[in-house]
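Notes follow the structure.
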Amino acid sequence: MNQYQAENIRNVVFIGHGSEGKTTLSEAILFNSGAVNRLGKVDNGTATSDFDPDEIKRKLSINLTLLPCEWNDIKINLIDCPGYPDFIGEVKSAIRVCEGALIVIGANSGVKTGTEIAWELAGEQKLSRMFFVSKMERENADFFKVVDEIQDKFGIKCLPIQIPIGSQSDFKGIIDLVSLKGYTGPDDTEGPIPEELKAKAAEYRERMIEAVAETDDALIEKFLAGEEISDAEIISALVNAVKTGNINPVLCGSGLANIGVKTLMQAIKTLLPSPLEKEVKLTEDSMVKNIKSGQESPLAALVFKTSADPYVGKLSMFRVYSGTMESNSQVYNVQQGAFERIGQLFVPRGKSQETVTRVAAGDIGATAKLAVTATGDTLGEQAGQVKIEPVVFPDPSYSAAVYPKSKEDVDKLGASIARIVEEDPTMRIHRDPDTGETILSGTGDTQLDVAAERMHRKFGVGVELKTPKVPYKETVTQKVTAEHKHKKQSGGHGQYGHVMLEVEPLPRSTGNEFATRVVGGSIPKNYLPAVEKGVLEALKEGVIAGCPVVDVRATAYDGSFHPVDSSEICFKIAGSQAFKKGMAAASPVLLEPIMTLKAVIPGDHTGDVVGDLNTKRARVNGITPEGDVNIVEALVPLAEVQRYAIDLKSITQGRGKFSLEFSHYEEVPAHIAQKISEEAQSDKEESKQH
């Protein structure tokens, strides 16, 4: 592959709702550029982009895929992204390193949730955005209906610069409204505009000229004066308007039939900005406050994607913002404060790789086996200390407990999970100290299912994903006294320990206390630590469901001992049993974690969301309107929202999002506590049998 200057590079991300034709369109672009010699298909697993076994199996994109190609003296770094919401981290990574975004919408489906999310994410990063109405060959394809939906949702600045010739099974090509020329067939061959479409094309061209002229003071004067505006003037103003975000062009075509694809490629070249035309975002603590894109500048590159390969090791994809990354060189990782050895550089295209000697400013490349570098790190020079703003990933909203399937899997589990989490920064791993479970968290159930399959395929580790146990606690509600006398005699030295305890509740969240007020030597002082040990041991497992006991004070106030048969172990046993008796008599209750839930939802779904929360024992504290959305805040038991990510996605068609934070513990209602107690007893008996 040739080396390109930054002005001849276009970094463009393909985003949108799932199954709208992004991967098929990407494949057609690769074919037209000569990067591949045949058109692969998603359905039969031959698409260049969806090469991962999980993608082939599920017939959907899971990873971002870099698909570079050369066309008409430019290099297009096309990044094909997943449309499924569970893999939003991949989308955010790709958007971060591009200057332009193509939002793909199916002509037979229209604007969906994923379309809205794509629009918002690209807007947050100030990318120049274009729309492509795909699948024009499909039944029920309606370009003009989709345009109305786009303009209704995103504004009239979303402007058609093409209209289709025919549609559905009769889709033949497109009309370019700038030049008023027709392009038909798989090669986008120039041809005449059908007579029946000339009036419509002229009408839409007039609308386009007016909208473009409004973005340019000189053109609007000519337009209002009725003067002729040349094609060159329209293109020049359109280029500026697209790059500044004042106009979002709408194009159309079919990736499957390969119609309208070459004109799309020309639009990418002409309308979307090069890396030189966008400001480089740096962090607030960057020693250098601004950098200029160009090969002559010091090196600054952002690692935006990490993947784990069991054979090659860690693969790191990076975007060079300034300077040049050289093979077999040494760079400085600014975040980690360490030098990193760069080996062979390469440019991936799907699963294939082309080795290169350097990756210049504006371009995207990859390397393997970096020692300390992670996603979001800046690679550059020690002297400059440039820090490029990393990708900001969403916090996890769905969790599952990970259990190894066999004893062999136990030893390899930790390392394999760490590698998987390193691949996807939207996932987190931690061990719950209360339940003892290993918890894997992410954006949704499909993402975690894919992670489990990858662990097995890449690292040979079989795991099961289960709903995490709720970390219930137990406490007491009354002050009682209890005693236990541990006494055994079987020849020789016997066993004797006698402890009398006072058990009482403490205010919520104050912890546990052990105290003594033994007088007269009824329990020798040297045995009191043993009594405390026994009580602390008993606190680990309550009497209702075997949960940890909290907010209780146990006071040893009396007892007795035997000068020969007493020992520390005897008093430890007596202390433990006395506490258990006391707790059982002190009206014990089960406590559950209460979470603060904050949901951001479209206004028209508010009633459904609140109604659903009411079925989950939630207390809605407030609903705050904010633009087109409402923010619902509520307190809700953790046990009721373990799978809320799935529930909210279903209620809001994927348009809602939420966060959970621990608030406090509260008493579980009696009928629910009874059920939890019975389940715990059943599990205990089952484990004994095994």
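Read the figures in this text as sums done on the coordinates, not as results from a lab. The shown structure was predicted, so the numbers you read here are calculated from the model rather than taken from an experiment. Cβ coordinates were reconstructed from backbone atoms using ideal geometry, including for glycine residues, and neighbour counts include every protein chain displayed.
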Between 0 and 90 degrees, rounded to the nearest ten: what's the tilt of helix 22-33 against the longest Cα principal axis of the chain? 40
Once label points are set 7 Å from the Cα along Cα→Cβ at both residue 485 and residue 410, what is their separation, rounded to one decimal in nm? 4.3
Per residue of the chain, what 222 nm ellipticity follows from adding -39500 (n - 2.57) for every DSSP H run with n ≥ 4, rounded to the nearest 500? -9500 deg cm²/dmol
Quick one: the Cα spread of region 6-277 along its three principal axes, in angstroms, biggest first? 60, 39, 36
Cβ-Cβ cut-off under 15 Å around residue 475, Lys and Arg +1, Asp and Glu -1: the net charge is -3
Compute the angle between helix 195-213 and the longest alpha-carbon principal axis of the chain, please, reported from 0 to 90 degrees and rounded to the nearest 10. 70
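Taking a cut-off of 20 Å, what percent of all Cα-Cα pairs in region 101-228 are separated by more than that? Can you show the working numbers first?
Values: 4163 of 8128 pairs.
Value for region 101-228: 51 percent of Cα pairs lie more than 20 Å apart.
Of 22/269; 540/657; 412/688, which pairs sit farther than 25 Å apart, going by alpha carbon to alpha carbon? Could you put the intermediate results ahead of the total?
Working: 22/269 18 Å; 540/657 37 Å; 412/688 27 Å.
Table pairs above 25 Å Cα-Cα are 540/657; 412/688.
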Paramagnetic reach from residue 124 (point 7 Å along Cα→Cβ, amide N under 18 Å) across region 427-465: 427-428, 442-444
Set the Förster radius R0 to 51 Å, insert the Cβ-Cβ distance between residue 431 and residue 196 as r into 1/(1 + (r/R0)^6), and round the FRET efficiency to 0.05. 0.15
On full extension of the chain, what length is gained from residue 628 through residue 228, given 0.36 nm per residue of separation minus the C-alpha to C-alpha distance? 139.9 nm
Globularity ratio of region 300-380, using Cα Rg and 2.2 N^0.38 Å: 0.97
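Figure the gain on full extension for residue 217 and residue 312 (residue separation times 0.36 nm, minus the Cα-Cα span) and round it to one decimal in nm. Could the numbers behind the result be given before it?
Working: separation 95, 0.36 × 95 = 34.20 nm, distance 5.62 nm.
Here the segment from residue 217 to residue 312 would lengthen by 28.6 nm.
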Mind checking the dipole of region 6-277: about its Cα centre, +1 per Lys or Arg Cβ, -1 per Asp or Glu Cβ, Debye to the nearest 20? 660
Please compute the volume of the convex hull spanned by the alpha-carbon atoms of region 561-690 and report it per residue in Å³. 162
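Quick one: net charge around residue 389, please, counting Lys, Arg +1 and Asp, Glu -1 for every other residue with C-beta under 13 Å from its C-beta.
Values: positive: 92, 96, 126, 278, 281, 289, 319, 387; negative: 124, 279, 284, 285, 377.
Surrounding charge for residue 389 is +3.
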Restrict the search to region 280-324; then list the chymotrypsin sites (Phe, Trp or Tyr not before Pro) that DSSP places in a loop and that have at most 11 other Cβ atoms within 10 Å of their Cβ. 311
If a paramagnetic tag sat 7 Å from the Cα of residue 465 along the Cα-Cβ line, which residues of region 610-648 would have the backbone N under 18 Å from that point? 641-648
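Kindly provide the Kirkwood hydrodynamic radius of the chain in Å, to one decimal, from all pairs of distinct alpha carbon atoms.
Details: mean 1/r = 0.0341 Å⁻¹.
One decimal place: 29.4 Å for the Kirkwood radius.
Using r as the Cβ-Cβ distance of residue 456 and residue 604, and R0 as 60 Å, what FRET efficiency do you calculate, to the nearest 0.05? Numbers along the way, then the final one.
Details: r = 42 Å, r/R0 = 0.69.
FRET efficiency, residue 456 to residue 604: 0.90.
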Inter-label distance, nm, simple model (7 Å from Cα along the C-beta direction), residue 266/residue 285: 5.0
Rounded to the angstrom and largest first, Cα extents along the principal axes for region 618-686 equal 54, 24, 18
Taking the simple approach of a point 7 Å from Cα along Cα-to-Cβ for both residue 292 and residue 569, what is their distance in nm? 8.1
The local net charge around residue 326, scoring Lys/Arg +1 and Asp/Glu -1 for residues other than residue 326 whose Cβ lies under 14 Å from its Cβ, equals -1
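For region 159-310, which semi-axes, largest first and in whole Å, follow from the square roots of 5 times the eigenvalues of its Cα gyration tensor? Working shown, then result.
Values: eigenvalues 263, 120, 25 Å².
One finds semi-axes of 36, 25, 11 Å for region 159-310.
Note down the Stokes-Einstein diffusion coefficient of region 474-587 in µm²/s, whole number, using a Kirkwood radius over alpha carbon pairs, 20 °C, and 1.002 mPa s. Provide the component values of the computation, followed by the final result.
Details: Rh = 13.9 Å.
In µm²/s, the coefficient is 154.
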As I understand it, the value is the acute angle between the Cα axis of helix 407-423 and the longest principal axis of the Cα atoms of the chain; what does it come to in degrees, rounded to 10? 40
Out of region 206-279, which GluC sites (Glu not before Pro) are coil in DSSP terms and have no more than 11 other C-beta atoms within 10 Å? 227, 228, 279
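Report the far tail of the P(r) of region 436-491, meaning the percent of Cα-Cα pairs longer than 14 Å. Let's see the in-between values first.
Numbers: 1124 of 1540 pairs.
Within region 436-491, distances greater than 14 Å cover 73 percent of Cα pairs.
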For region 355-406, the Rg and Dmax computed from alpha carbons only, in angstrom: 17.3, 51
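Working from the alpha-carbon coordinates of region 115-186, get Rg over Rh, Rh being the Kirkwood radius. Don't jump to the answer; show the numbers that get you there.
Numbers: Rg = 13.6 Å, Rh = 13.5 Å.
Looking at region 115-186, the ratio lands at 1.01.
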Mind sorting 146, 13 by how few other Cβ atoms lie within 10 Å of their own Cβ, fewest first? 146, 13
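Please give the peptides 405-415, 123-133, 338-348 ranked by average Cβ packing (other Cβ atoms within 10 Å per residue), highest first, as a rough proxy for protection.
123-133, 338-348, 405-415
Relative to the present Cα-Cα distance, how much length would full extension add between residue 395 and residue 616 at 0.36 nm per residue of separation? If you can, show how the numbers build up before the last one.
Details: separation 221, 0.36 × 221 = 79.56 nm, distance 2.26 nm.
In short, 77.3 nm is gained.
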Starting from the amide H of residue 309, placed 1.01 Å from N in the peptide plane, find each other amide H under 5 Å away whose residue is 5 or more places distant or on another chain. 314, 315
